[in-house]
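Right, one structure below, let's go through it.
The values are calculated or read from the model by the stated rules, or taken from the named source; none is laboratory data. What you are looking at is a predicted structure, and each value in this text was computed from that prediction instead of being measured. Heads up, the Cβs are rebuilt from the backbone with ideal geometry, glycines too, and the neighbour counts pull from every protein chain shown. Ligands, DNA and RNA are excluded from the accessible area calculation, which covers all protein heavy atoms including side chains. Shrake-Rupley method; radii C 1.70, N 1.55, O 1.52, S 1.80 Å.
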Amino acid sequence: MSVNLDAKDKLLLNALQHNARLSNASLAEKANLSDTPCLRRVKRLQDIGVISGYHAALDRAQVDLSILVYAFIKLSENTATAAHLFEQHVESEDQVISCSVISGSHDYLLEIVAKDLPSYEQFAKHQLGACKVISGIESTIVLKQTFAKRILPIR
C-alpha cells in the first residue's frame, strides 16, 4: 500500500536516510519547517510505517563477518505450512540478514553473513540442515561487494 507523500515528507525522508542522527532542529531547517511541525511529520511517518526504524550501518569485516553468501533455497513442498515453518526457522537465525520469496526454480533467497567459510559450512549443514522442509540449498559466495545501497531513491 503506497502512502501519499508530499514534497516536505520526501525531503525529510531523504535527509533521514542520509543521516538518521540529524537533530530535529537541523532536520526542520533542511525542510524549511519550524521544529514542532517537523517533529509532527516525522512522528506521523513513523506511525504509518514509512519510517520503520533507525539503524547504524556497520562494516561486516570490522565485526568479523567477512563472508557474504546468497543461498537459494528449494522447499520440499509448495505449501503454506512448509513456507511458514521455513520462514519461522530462518528468522530465528542471526546469520540470516534477509529472506526473500523469489520466482523461478528456487523458492527463497537468503542473504547470510559468516566469519569464514568453515563457519558458513557449519551453519549450512547444522542450522539450515535442521529445517526439514528444505530440499535443496545452492550457495553463491560473494568474492567482493563493490557497493551496497541502502538509500531508496525517493522522488
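Tell me, please, whether a residue that is closer than 20 Å to P153 by Cα, open to solvent by 60 Å² or more (accessible area, probe 1.4 Å), touching a Leu at 6+ places or on another chain (Cβ under 9 Å) and not small (G, A, S) can be found in segment 48-66.
yes
Against the condition within 30 Å of C131 (Cβ to Cβ) and either free of Cβ contacts under 8 Å to residues at least 12 places away in the same chain or open to solvent by 40 Å² or more (accessible area, probe 1.4 Å) (or both), how does A114 come out, does it pass?
It is false that A114 is within 30 Å of C131 (Cβ to Cβ) and either free of Cβ contacts under 8 Å to residues at least 12 places away in the same chain or open to solvent by 40 Å² or more (accessible area, probe 1.4 Å) (or both).
For segment 94-105, which residues satisfy the criterion of being part of a loop (DSSP other than H, G, I, E, B) and either at positive phi or buried (at least 16 other Cβ atoms within 10 Å of the Cβ) (or both)?
Q95, G104
Out of everything in segment 58-77 that is among the aliphatic types (A, V, I, L, M) and under 29 Å from S103 (Cα atoms), what residue ends up being farthest from the chain's Cα centre (by Cα)?
That would be L75.
Return the residues of segment 103-140 that are more than 12 Å from F86 (Cβ to Cβ) and β-branched (V, I, T); say none if nothing qualifies.
I112, V113, T140
What helices (runs of 4 or more DSSP H) lie completely within segment 1-67 and have 2 or more residues being among the small types (G, A, S) and free of Cβ contacts under 8 Å to residues at least 24 places away in the same chain?
7-18, 24-30
Output the number of residues of segment 126-140 satisfying the condition of being outside any loop (DSSP other than H, G, I, E, B) and either open to solvent by less than 60 Å² (accessible area, probe 1.4 Å) or farther than 14 Å from I73 by Cβ (or both).
6
With the requirement that a residue be modelled with pLDDT under 95, open to solvent by 70 Å² or more (accessible area, probe 1.4 Å) and within 20 Å of H55 (Cα to Cα), what does segment 20-39 give you?
R21
Of all residues being more than 18 Å from the chain's Cα centre (by Cα) and open to solvent by 50 Å² or more (accessible area, probe 1.4 Å) in segment 78-93, which is modelled with the lowest pLDDT? Just the residue, please.
The selected residue is N78.
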